[in-house]
Amino acid sequence: MGKYFSDAVEQSLRDIYYEMASGRGQEGFRRLEQASAAGDGDASCILARCLCGYQYTWEGHGFPEDDKRAVALMRRSVEQGSAVGVLLALRSGELKPHVQAKMPFASLSEAFDVVLEKAKQGEPFCQYTVGNAYFWWDFLRIQEKSRNSFASEELFRAYLRENIAKCEDWFWKAYRGGMYHAGNNLNQYYQKGDEDLILPHPEKAKEIWRTGAEKGYPPHQYLWARKLSEQERHEEAFRLYEKAAKSGETDSWFYVGLAYEEGRGVSKDCTHAARCYEKGVEKNVGCQNRLGALYFEGNGVIKDCEKGARLLLKASESGSKWGSVYLAKAYLNGFGVPKDYAKARQYLEKITWADQQANYLWGLIYTQGLGVEENLKRGVEYLQRAPGNAQAREELEKYKKNLFGKWVRKK
C-alpha cells in the first residue's frame, strides 16, 4: 500500500501528473481502469478526471474524452469511499444529494479533513484539491456557511477573503510537487484576483511559467518559451520549444518549425522546418498553414500545390485567415484546385491587413475581368498598392493614361 493512496493510484499519479513528460500516461490510465474496476474509489475519481479533457489532464497524454463515463466514475468514487472523490464530485457539480447520501463520511467537512491531512503531509494532488476548495469557494458548502451565518456583510466578506487567500500557498505547494494545473490556477488568481475581495497581483505571476518550465512541465515550457521569444532570447526559446514538442506538447512543433524556417535561434533549414510542421499538422492550425505554404512554394519540400491547398483549406475551415492569399491565388490560377474566380475573391475578401500579393491579385481580377466586369482604373489602383511586388510592377507596365486621363492598355 502506498503512503497516501494505493500503489496503483500513486504510480498513476506519477505517470499522469508528477512525471507527465515520461511518456507513461497511457500506462497510468490503464492502471487506473484496473484499480477502479477492483473497487478503488481514488482510482475511479482520478480516472474520471482523465476523461474530462485538457482542463483536467494534459492533452499530450492523448486520453479519450467521455463525459458520460466520467460522471458515472465520479459518482462511483463517492460510493467507494474516496475522500478526494467527494471533493472532486463537489467541484464538478456531481455531488447531488442522492450521491452525497451514499458517501461513508458523516459530513463534507470530514471528507475534507481526510484530504487536508494528506495535503499537509506533502501529497501534491491533495494539495491541489485543497487549493481548489478555497479558490472556487467550495469551502462554503464544506463548512456549511452562508451570508446568514454572519452578523454583518463586513464579517462575511472578511471570512471569504480569509479562506479564498488560502489557495495561494496550497497551489504553490502542489505546483512545485508536480501538479502543473495548479500553476494555471495561480496565474488566474494573480492576474484577475477574485471579484472585489482579492485584488489582482499580476507582478506575482511573472515567475509561474519559468518555474513550470524548470520543473519540466511541457505546457509551461511552451508558455515560458513564448515569453523568451518576446524578449528576443531566441536560442533559449528554441531549446524549450523543442523539449516541449518532443515530450508531446503538439503546439510547440509550430514554433520549432518556424524557428528553422526563419533561422531564429537555430540555423535556417526549411526541409527540417517542414518535418517539424508535419509532426504537429493534425492538430495545429499554424503547422497546417506553414506546411501548406511550403508545398505551394516548393520550399524545403517538393512542390505540390494540391497538397498545399488541402492543408491551407483545413486551416481555413478552423477559422484561420492566414493562408487566404495562397488559396486566392490557387483558385485564380487553378493551382491544386479547380479554377474558381468567385472563390478566389471570397478568400481575398478575408484579408483585412496590408498584403501586396493580395493587392496584385485584386489588380489582375479587375484589369483582366476575371469573374467581374473589367475595370482598368480600379485594377491599376490595386496594382499601385503593391510597389514591392515584382509581378505587380510588371503588370503595371501594360497600362497607361490616355490624353483624357483614362487608363488604357498599351499597344
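The values are calculated or read from the model by the stated rules, or taken from the named source; none is laboratory data. Small disclaimer: the values here were computed from a predicted structure and weren't measured. Don't worry about glycine lacking a Cβ; one is built from the backbone with ideal geometry, like all the others, and counts go over all protein chains shown. Each accessible area value is taken on the protein alone, full model and side chains, heavy atoms only, with ligands, DNA and RNA left out. Shrake-Rupley method; radii C 1.70, N 1.55, O 1.52, S 1.80 Å.
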Consider segment 371-393. How many of its residues are part of a loop (DSSP other than H, G, I, E, B) and within 15 Å of Gln357 (Cβ to Cβ)? 5
Take Arg161 and decide whether it is in contact with a strand residue (DSSP E or B) (Cβ under 7 Å, 6 or more places away or on another chain) and either on the phi < 0 side of the Ramachandran plot or outside any helix (DSSP H, G or I) (or both). yes
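For segment 71-80, what are the residues that are of a type in the set (Gly, Ala, Ser) and either surrounded by 17 or more Cβ atoms within 10 Å (Cβ to Cβ) or in contact (Cβ under 8 Å) with a residue 40 or more places away in the chain (or both)? Steps first, answer last, please.
Residues of segment 71-80 that are of a type in the set (Gly, Ala, Ser), as a first pass: 72, 77.
Listed by number, the list holds a single entry, Ser77.
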Does Ala133 qualify as being within 16 Å of Met179 (Cα to Cα), open to solvent by less than 10 Å² (accessible area, probe 1.4 Å) and of a type in the set (Gly, Ala, Ser)? yes
Helices (runs of 4 or more DSSP H) contained entirely in segment 58-105, each with at least 2 residues that are more than 28 Å from Thr250 (Cα to Cα) and among the aliphatic types (A, V, I, L, M): 67-79, 83-91
If we ask which residues in segment 81-112 are touching a Gly at 6+ places or on another chain (Cβ under 9 Å) and surrounded by fewer than 21 Cβ atoms within 10 Å (Cβ to Cβ), their number turns out to be 3
Against the definition (among the hydroxyl-bearing types (Ser, Thr, Tyr) and closer than 29 Å to Glu59 by Cα), how does Tyr175 come out, yes or no? yes
Is it true that some residue in segment 270-278 is over 23 Å from Met20 (Cβ atoms) and touching an Asp or Glu at 6+ places or on another chain (Cβ under 8 Å)? yes
Picking from Leu90, Leu155, which residue would you name as being within 30 Å of Asp15 (Cβ to Cβ) and of a type outside the set (Ser, Thr, Tyr)? Leu90
If you check Glu27 against the conditions, is it open to solvent by 30 Å² or more (accessible area, probe 1.4 Å) and in a loop (DSSP other than H, G, I, E, B)? no
So which pairs qualify, if the first residue must be in segment 138-156 and in contact (Cβ under 8 Å) with a residue 40 or more places away in the chain and part of a loop (DSSP other than H, G, I, E, B), the second must be open to solvent by 70 Å² or more (accessible area, probe 1.4 Å) and of a type in the set (Lys, Arg), the Cβ gap must be under 8 Å, and the two must be at least 6 apart or on different chains? Asp138/Arg91
Among (1) on the phi > 0 side of the Ramachandran plot; (2) open to solvent by 60 Å² or more (accessible area, probe 1.4 Å), Gly298 falls short only on (2)
Look through Ala158, Ala182 and report the one residue that is among the small types (Gly, Ala, Ser) and out of contact with any helix residue (DSSP H, G or I) (no Cβ under 8 Å at 6 or more places or on another chain). Ala158
